Amino acid sequence: MARMQILNVSEKAAFDNPPIFDFRERKKFFEFPKPLLELANSLRNPVYQVCFLVSCGYFRAARRFFSPVDFYQRDVAYVASQFDVGDVTVEAYPDRTRQRHQKFILEFYGFLPFDINTEATLTLEIAAMARTHLKPRLIFDRCVDFLTQKRIQVPRARTLSDLIRSGLHERKAELIAMMDSNLTDETRCLLDDLFSSPDDQKRYRLTLLKKLSQSTKPSRIKECIADYKVLFILYKQLDSIFSVLDLGHAGIRYYAGSVIKSRIFQLQRRSEADRYIHATAFVAHQFFRIQDNLIDILLNVMASFQTTVSRKYKERLFEQRKGQQAQLKTVVDDLDSSIFCLIQEIRSLADSASLSDSQKISEIKLLLERGKTSSFEHLKNDLENAGQNQIWSEVLEDQSKRLQNRLNPILKALVFEPAGHTEKLMAAIEHFKIHDGVINDQAPVGFLDADKHGALTRADGSFRPSLYKVFLFQHIAGAIKSGNLNASQSYKYRPMDTYLIDQVRWKHEKQHLLERAGLIEFDDPEPLLEVLKEALYTQYQTTNARILENQHLKFRADGTFYIATSALDVSDTDPLHEIFPQRHDVPLAQVLETIDRHCSMLNSFEDWQQTHTRQSNSHPTLLAGIIGLGCNIGVRKMARISSQITESELEHAVNWRFSIDNIRAANDKVLKTMDEMELPNIYRRNTDRLHTASDGQKFEVRGDSLHASRSFKYFGQGQGVSSYTFVDERNLLWHSLVISAAERESTYVIDGLMHNDVIKSDIHSTDTHDYTEAIFGLTHLLGFSFAPRIKGIGKQTLYIFRPKKKARMDWKIPLIRPLVTR
């Protein structure tokens, strides 16, 4: 088997050779402090002096040492010019002298040498990263960062690569040993059955369990439930193996990803223990995914149901209102035609001299009884019924059957883990499962409020099971969204505590974890809160003191304020096409090849597997995959229209090398190269501050997708998603993700700001849809300035800590209510 290649030849050479400086970097790294120059002057040989200082400059830049024969002559000449030394022969720099000088350099910069002790520290760090199944190249980069952070000399690439290979090999051997010692014969047969039980269409069980449906049709949901039951049985039978292997979610995703991308014959060629590890991880991965999928379906169906019943309710109210208007017109006509006659007759009776008073009263009563109209009584009854909110319950009951067809099998199958006060809801769920979805008046109703409880009984005293199920589904959906109902075997819907650091570990390693995350200053929040209190109070004072200077701040008659949007500067709208070449037909392959030549983005498309990797794909194959997918041409058609690229080669490259992580890594390389260029920086308003922004763009989705949602404003009768994109003022697109069009985008602001390691935002702007009070607090603690453009800012609630000083009454920017802190 080929040895695991962590760095290719060019990357290894770039790592082991000194960094290449431009004139600015050369001036920066070869400008030495006085103590270092004094140390160099103490050396008698000019060659030693120059080579010593060149080593200092290289170490300052790369945190590692290089052989004198690899020193760049222009760097040697630059340093030699500072001592008025002529030509310097680096071969005259002995190894013993160089090693002694390296000790001086390490001591001066406060670094430890890379020796047996520091190697043991790095080995433990590699073992921890190997347990999370990071890519070898990523482990390599993190090792360099770890050594730099710990102020330890960085060794050569071969030393790091050998340690990483050894760490990964030991982890794999540990897993294989645990699998061999804990796997029973029964479990072996169970896993082998996944690879050797084809159906009538020659499809293996493993193949049938690979894909999940995004459809909410009842037939598709039943198929998903059938797969869930199979995976549930497999997962329960393998539960003891999961606890022993302790792969974690990262390990499960890694091994399961290999199974999903592999064909059956590729898996069967693996060693027995290795194949069992992959199959076990696949079962866990698919079980987690299918639970997430079923909960997503439940929430999606409930959201669609709520929209449907709201529309039906409005239609029913509209129809009732039309009927009531017709009845009202009839009543008015009846009153108009009879009221004056009735009054005239009553007046005639009252004026009659032939009748006694008692006879007049009797006759008037008869006239009044005759004056009542049936249309008036009907209108009165309808208005009374409408006020009892019966229409909403009737609409829910009418639409319940469609909801039950989709959610009954899901609720019967899923196993929820309660959190908080959900005992009454869990009792209703258990009753639903025990009675196989058959509901009667004995069903638990403790989770319902008084109004809903009363609505379950009709006027004749009969129970409304369909309405009960609607209420139950609504409460379940609400509890899932609020985190009160969870799925323990899940990626997305686990209890909140499982996403956090374990309490026992936090108690014993708190200081270490805070230091490693760079959050040690937040260990004691009281000093930080005091600083924030004073800063916020001072800012309110400054804002109110400079109100008259702000030409864009306007006040209404009622005292509320608003911000008048300034006109766009004409220079900001000037087209720039005149300064670019007029040729508009540059081939896309040439563009991508040119980009790769400058930033080596294609090297980021690493194979999914750490071992069993085929020889690296050629650049034309990777470029064909990028164009085929990016331009929606398709892999097969792209292979047909490309020369010297076979369909199998292109499919293999796309299957094994095109992952979200690889694409983002390639994008980061392009961004890093652009970030180092001077041309994009002409768009920056301030050289010391980078302004970024994010916003969503809606796209219609034609197929079945649980992420898609309906919006008449954007998609008419269709549904779609939102592409949430982050960009800086230089128009560098540095992060993007696809979310549901119905979700509030503010949830993903922090995700984008923390995700990228290339573009470091100083101030971030969004629109009103992307801000919440929590985002303001989080961005401040993370070191970002948050500047959203908020619609109706003058009508928003303004907060302040409870200050020691009282807010001045003459402030025009009001303080609505204090934010109480404890």
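The values are calculated or read from the model by the stated rules, or taken from the named source; none is laboratory data. What you see is a predicted model; the values in this text were computed from it and never measured. Positions of Cβ are backbone-derived with ideal geometry, glycine not excepted, and every protein chain shown enters the neighbour counts. Calculation scope for accessible area: heavy atoms of the full protein, side chains included, ligands and nucleic acids excluded. Shrake-Rupley method; radii C 1.70, N 1.55, O 1.52, S 1.80 Å.
For every residue, the table says whether it meets (1) under 30 Å from ARG275 (Cβ atoms); (2) in contact (Cβ under 8 Å) with a residue 60 or more places away in the chain; (3) open to solvent by 50 Å² or more (accessible area, probe 1.4 Å).
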residue	(1), (2), (3)
PHE146	no, no, no
GLN149	no, no, yes
ILE152	no, no, no
SER161	yes, yes, no
MET178	yes, yes, no
SER181	yes, no, yes
ASP185	yes, no, yes
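Taken over the stretch 239-256, the criterion of being hydroxyl-bearing (Ser, Thr, Tyr) and either open to solvent by less than 30 Å² (accessible area, probe 1.4 Å) or in contact with a strand residue (DSSP E or B) (Cβ under 9 Å, 6 or more places away or on another chain) (or both) is satisfied by TYR254, TYR255.
Only one of the numbered conditions (1) touching a residue at least 24 places away in the same chain (Cβ under 8 Å); (2) open to solvent by 70 Å² or more (accessible area, probe 1.4 Å); (3) outside any loop (DSSP other than H, G, I, E, B) is not met by CYS56, and that is (2). Of all residues being β-branched (Val, Ile, Thr) and open to solvent by less than 60 Å² (accessible area, probe 1.4 Å) in the stretch 634-678, which is farthest from the chain's Cα centre (by Cα)? Just the residue, please. Only one residue tops the list, namely ILE645. Give the number of residues within the stretch 500-512 that are open to solvent by 100 Å² or more (accessible area, probe 1.4 Å) and not hydrophobic (A, V, I, L, M, F, W, C). Within the stretch 500-512, residues that are open to solvent by 100 Å² or more (accessible area, probe 1.4 Å) and not hydrophobic (A, V, I, L, M, F, W, C) number 4. When you look at ASP762, is it touching a residue at least 60 places away in the same chain (Cβ under 8 Å), surrounded by fewer than 17 Cβ atoms within 10 Å (Cβ to Cβ) and closer than 30 Å to ARG220 by Cα, yes or no? When the stated conditions are applied, ASP762 does not pass them. So is TYR468 out of contact with any Gly (no Cβ under 8 Å at 6 or more places or on another chain), free of Cβ contacts under 8 Å to residues at least 40 places away in the same chain and over 30 Å from GLN286 (Cβ atoms) or not? Taking the combined requirement at face value, the residue satisfies it. If you filter the stretch 475-495 down to residues that are polar (S, T, N, Q) and open to solvent by less than 40 Å² (accessible area, probe 1.4 Å), you find that the one that is nearest to PHE447 (Cα to Cα) is ASN486. If you check LYS452 against the conditions, is it surrounded by 13 or more Cβ atoms within 10 Å (Cβ to Cβ), modelled with pLDDT under 90 and either on the phi > 0 side of the Ramachandran plot or not hydrophobic (A, V, I, L, M, F, W, C) (or both)? It is true that LYS452 is surrounded by 13 or more Cβ atoms within 10 Å (Cβ to Cβ), modelled with pLDDT under 90 and either on the phi > 0 side of the Ramachandran plot or not hydrophobic (A, V, I, L, M, F, W, C) (or both). Please name all residue pairs, on different chains or six or more residues apart, with Cβ atoms under 7 Å, provided the first residue is in the stretch 535-548 and is part of a helix (DSSP H, G or I) and of a type outside the set (Gly, Ala, Ser) and the second residue is at pLDDT below 85 and open to solvent by 60 Å² or more (accessible area, probe 1.4 Å). The qualifying pairs are TYR537/LYS805; ASN544/LYS812; ILE547/LYS812.
Residue-wise test of (1) closer than 24 Å to ALA487 by Cα; (2) in contact with a Pro (Cβ under 6 Å, 6 or more places away or on another chain); (3) modelled with pLDDT of 75 or more.
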residue: GLN268; (1), (2), (3): no, no, yes
residue: THR280; (1), (2), (3): yes, no, yes
residue: PHE288; (1), (2), (3): yes, no, yes
residue: SER304; (1), (2), (3): yes, no, yes
residue: ARG311; (1), (2), (3): no, no, yes
residue: LEU317; (1), (2), (3): no, no, yes
residue: THR330; (1), (2), (3): no, no, no
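Considering each residue of the stretch 228-238 in turn, none proves to be closer than 21 Å to SER659 by Cα and either among the small types (Gly, Ala, Ser) or surrounded by fewer than 14 Cβ atoms within 10 Å (Cβ to Cβ) (or both). Just give me the residues in the stretch 710-730 being open to solvent by 20 Å² or more (accessible area, probe 1.4 Å), modelled with pLDDT under 90 and in a loop (DSSP other than H, G, I, E, B), in sequence order. If the condition is that a residue be open to solvent by 20 Å² or more (accessible area, probe 1.4 Å), modelled with pLDDT under 90 and in a loop (DSSP other than H, G, I, E, B), then SER711, GLY716, GLN717 are the ones that fit.
Contact map, the stretch 235-249: residues that are at positive phi paired with residues that are surrounded by 12 or more Cβ atoms within 10 Å (Cβ to Cβ), Cβ distance under 9 Å, separation 6+ or inter-chain. Pairs shown: ASP246/ARG131; ASP246/MET178; GLY248/ARG131; GLY248/THR132; GLY248/HIS133. Screening the stretch 106-126 for residues that are closer than 21 Å to PHE140 by Cβ and among the aromatic types (Phe, Trp, Tyr) and picking the one that is least open to solvent (accessible area, probe 1.4 Å) gives PHE111. Residue count for the stretch 689-706 satisfying the condition of being in contact (Cβ under 8 Å) with a residue 60 or more places away in the chain and either crowded, with 18+ Cβ neighbours inside 10 Å or over 22 Å from the mean Cα position of the chain (by Cα) (or both): 9.
With respect to (1) open to solvent by 60 Å² or more (accessible area, probe 1.4 Å); (2) small (Gly, Ala, Ser); (3) in a loop (DSSP other than H, G, I, E, B), the lone exception for GLY86 is condition (1).
The residues listed here are VAL504, VAL531; of these, the one that is free of Cβ contacts under 8 Å to residues at least 12 places away in the same chain and closer than 30 Å to GLY483 by Cα is VAL504. Of the residues SER55, SER67, the single one that is touching a His at 6+ places or on another chain (Cβ under 8 Å) and under 27 Å from LEU160 (Cβ atoms) is SER55. Take LYS211 and decide whether it is open to solvent by 50 Å² or more (accessible area, probe 1.4 Å), part of a loop (DSSP other than H, G, I, E, B) and free of Cβ contacts under 8 Å to residues at least 12 places away in the same chain. Criteria met by LYS211.
Of the residues contained in the stretch 805-815, none is found to be among the acidic types (Asp, Glu) and at pLDDT 85 or above. Cβ-Cβ distances below 6 Å connect the following pairs, each with a first residue in the stretch 766-785 that is modelled with pLDDT of 85 or more, a second residue that is in a loop (DSSP other than H, G, I, E, B) and surrounded by 13 or more Cβ atoms within 10 Å (Cβ to Cβ), and a separation of six or more residues or different chains: THR766/PRO788; ASP767/ARG789; THR768/ILE790; TYR771/PRO788; PHE784/SER761. Taking the condition closer than 25 Å to VAL154 by Cα and surrounded by 21 or more Cβ atoms within 10 Å (Cβ to Cβ), does VAL69 pass? It is false that VAL69 is closer than 25 Å to VAL154 by Cα and surrounded by 21 or more Cβ atoms within 10 Å (Cβ to Cβ).
With the requirement that a residue be open to solvent by 70 Å² or more (accessible area, probe 1.4 Å) and free of Cβ contacts under 8 Å to residues at least 24 places away in the same chain, what does the stretch 23-53 give you? Residues satisfying the conditions are PHE23, ARG24, LYS27, LYS28, GLU31, LYS34, GLU38, ASN41, SER42, ARG44.
Residues in the stretch 257-273 that are surrounded by 19 or more Cβ atoms within 10 Å (Cβ to Cβ) and touching a residue at least 60 places away in the same chain (Cβ under 8 Å) were compared, and the one that is nearest to SER181 (Cα to Cα) is LEU267.
Specify the residue that is modelled with the lowest pLDDT; the eligible residues are those in the stretch 505-549 that are more than 27 Å from MET754 (Cα to Cα) and aliphatic (A, V, I, L, M). Among them, the one singled out is LEU548.
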